[in-house]
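Just so you know, all these numbers are worked out from the coordinates, no wet-lab data involved. Given the structure is predicted, the values throughout are model-derived calculations rather than measurements. Cβ: placed from backbone, ideal geometry, glycine included. Neighbour counts: every protein chain shown.
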Amino acid sequence: MSGSPDGPGKERGRSGVGTDVTDAAPDCPAWLDRFRAEAPKLPVPPVFRPAPAARAAAVLILFGEGPAGPDILLTERAATLNKHAGQPAFPGGRIDPGDDGPVAAALREAWEETGVEPSGVDVLCTLPELYLSHSEHRVTPVAGWWRAPSDVAPGHPGEVATVARVPVSELVDPANRVMVRHPSGIRVGPAFHVRDMLVWGFTAALLTQVLGAGGWDRPWDTSRVEDLPEDVVSLAARDRGVGDREVDVAARD
């Protein structure tokens, strides 16, 4: 897709502090109330504490309601990419000079990558910035309510392989949750088996915090450990340091 969608720009939250967008989504469902109150105050694990010189980026945590109830929009990156190849992710990317802050960037990237119409999204809040050491980005998660869902599909087949609305019920199902181990044998972090995807690393760590903030999390067996599949490790090896620092966040938080 090309062009730039019209979308609201919101004020950037301070480092380590999220922002509640008061009265921005008056019609959002009650099941989002707790998340909206708690998400801007989420603690930032030491491994994700922002570095001031890092490049600014944003991702969109988009909540909707589908046939299976509340859901969250995820993508899977194309396996041909040099960075983040084959990895499940929230829609998002670098904040461009023309973007009016992280909210505008997150909405623009979601529109370009998946076809989400910004006019159908009500912004709920921003979460505290998180630092990704391997890519040297400060990432602002932007949470939104999908008030008027649009059809979604990969906007750039060379960048996005899959777009999926994943029900929250599947994400919190204990049968779909594991801890994954990097080949080094040292790092362990949370992962989700959903929709033929293994969601791990930064995205899984952030999802874990999101589910907890919303009060949707369910007890699960954290002693269930799996090795990362060889194809996942091979693709991740294209990124310097992926799987070393980011993958073990929930285990140490």
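A few remarks follow.
- Sequence ranges 97-104, 148-155, ranked by mean other-Cβ count within 10 angstrom, highest first: 97-104, 148-155
- Neighbour-count order for E159, E136, E230, fewest beta carbons within 10 angstrom listed first: E230, E136, E159
- Per the Debye formula on identical point scatterers at the alpha carbon atoms of the range 67-120, with no solvent, log10 I(q)/I(0) at q = 0.13, 0.17, 0.21 Å⁻¹ is -0.38, -0.62, -0.87.
- Ratio of Rg to Rh over the range 19-252 (Cα coordinates, Kirkwood Rh, two decimals): 0.93
- Rg and Dmax, both from the Cα atoms of the range 47-158 and both in Å, are 13.8, 43.
- Subtracting the Cα-Cα distance of R55 and V233 from 0.36 nm times their residue separation leaves 61.5 nm of extension gain.
- Relative exposure of T162, T126, T80, T208, judged by other C-beta atoms within 10 Å (fewest first): T80, T162, T208, T126
- Entry note, the range 19-252: relative contact order of 25 percent, from Cα contacts under 8 Å with a spacing of 6+ residues.
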